[in-house]
Amino acid sequence: MIALILFGPPGSGKGTQAAKLMDKYGLIHISTGDLFRYEMGNNTPLGLEAKSYMEKGQLVPDSVTIGMLRNKVEAHPEAKGFIFDGFPRTLAQSVALDSLLAEQGAEVSGLIMLDVSDDEITRRILGRGLVSGRADDLDEAIIRKRIEVYKNETSPVFDYYHQKGKSHQIFGIGTIDDIFERLCATIEGFEAEPHGE
Ligand code: ADP
């Protein structure tokens with residue numbers, strides 16, 4: 001089973017690239033942000049809880065996020081593999097993902113970080129907010145908070161998988177197709193590489 005983590009700051013293009021990767025490799029795309037927005041749209045208890053954190057640019061608590069992710073993975077026992085987008089975002093989520101996959105006799109194949117500067121992501125998110133209407137994309141203070149949370153809480157996830165020889169980084173600026181090609185080249189190198197400790 002392929003289990004790919006698409007990683008990078010908010011606005012780095014994970015969702016855009018995940019949609020293309022899903023088509024090319026036949027993987028199931030799981031975006032925790034999309035799942036939370038779906039729940040919010042339906043005013044479920046989970047959605048209402050998530051909303052209170054998302055509108056401040058904070059992370060939804062691990063227990064809530066991990067439970068939701070587990071349900072989604074377990075709903076696809078036939079899957080050839082998964083693309084995780086926006087998860088894991090904390091070390092606790094990384095440990096939970098590793099054990100969930102281990103239960104299925106699988107493991108993370110690799111993590112790929114889309115490297116994009118703070119200025120560029122702020123510009124992209126503000127542009128996206130104008131069309132998506134996402135409240136967390138329209139306010140510069142919330143965007144700054146999300147970038148800060150990414151640096152403090154999420155970037156350790158890169159180091160965690162780096163120690164397992166699984167973290168990769170690609171330059172995330174260019175055309176959508178250029179970035180997609182860089183991603184595919186990295187994915188196709190996964191199996192050839194030894195898993196260092
Ligand atoms: P972006 O990557 O642009 O920030 P997302 O859709 O991935 O957009 O996330 C939007 C918000 O949803 C986050 O700011 C956070 O509040 C919440 N969220 C998404 N994924 C997670 C996660 N794995 N853990 C905790 N909160 C999450």
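The values are calculated or read from the model by the stated rules, or taken from the named source; none is laboratory data. All of these numbers come straight from a predicted model, not from anything done at the bench. Counting neighbours? That spans all protein chains shown, and the Cβs are built from the backbone with ideal geometry, glycine included.
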Go through the residues of the range 43-56 one by one and say whether even a single one is of a type in the set (A, V, I, L, M) and within 7 Å of the ligand (Cβ to nearest atom).
yes
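Pick out, from the range 1-79, the helices (runs of 4 or more DSSP H) lying fully within it that include 3 or more residues that are out of contact with any Leu (no Cβ under 6 Å at 6 or more places or on another chain) and farther than 22 Å from Ser167 by Cα. Quick ask: steps written out before the conclusion?
Values: elements: 14-25, 32-41, 45-54, 62-74.
The helices (runs of 4 or more DSSP H) meeting that bar are 32-41, 45-54, 62-74.
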Determine if the range 117-125 includes at least one residue that is within 12 Å of the ligand (Cβ to nearest atom) and within 25 Å of Pro61 (Cβ to Cβ).
yes
If Thr90 satisfies every condition in (1) under 25 Å from Ile170 (Cα atoms); (2) more than 9 Å from the ligand (Cβ to nearest atom) but one, which is the exception?
(2)
For the range 6-40, give me each residue that is within 11 Å of the ligand (Cβ to nearest atom), among the hydrophobic types (A, V, I, L, M, F, W, C) and touching a residue at least 24 places away in the same chain (Cβ under 8 Å).
Leu6, Phe7, Ala18, Ile30, Leu35, Phe36
Report yes if Met113 is within 10 Å of the ligand (Cβ to nearest atom) and modelled with pLDDT of 95 or more, otherwise no.
no
Arg182 vs (1) under 17 Å from the mean Cα position of the chain (by Cα); (2) of a type in the set (Lys, Arg); (3) buried (at least 16 other Cβ atoms within 10 Å of the Cβ): all pass except (1)
The number of residues in the range 91-132 that are among the small types (Gly, Ala, Ser), part of a helix (DSSP H, G or I) and more than 21 Å from Ile187 (Cβ to Cβ) is 7
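Of all residues in the range 78-97, count the ones that are acidic (Asp, Glu) and surrounded by 22 or more Cβ atoms within 10 Å (Cβ to Cβ). Before the answer, list the steps.
Narrowing the range 78-97 to residues acidic (Asp, Glu): 78, 85.
Narrowing further to those that are surrounded by 22 or more Cβ atoms within 10 Å (Cβ to Cβ): 85.
Selection size over the range 78-97: 1.
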With respect to Leu69, is the statement that it is more than 20 Å from Arg37 (Cα to Cα) and within 17 Å of the chain's Cα centre (by Cα) true?
no
Condition first: within 11 Å of the ligand (Cβ to nearest atom) and outside any helix (DSSP H, G or I). Can you find one or more residues in the range 144-167 that meet it?
no
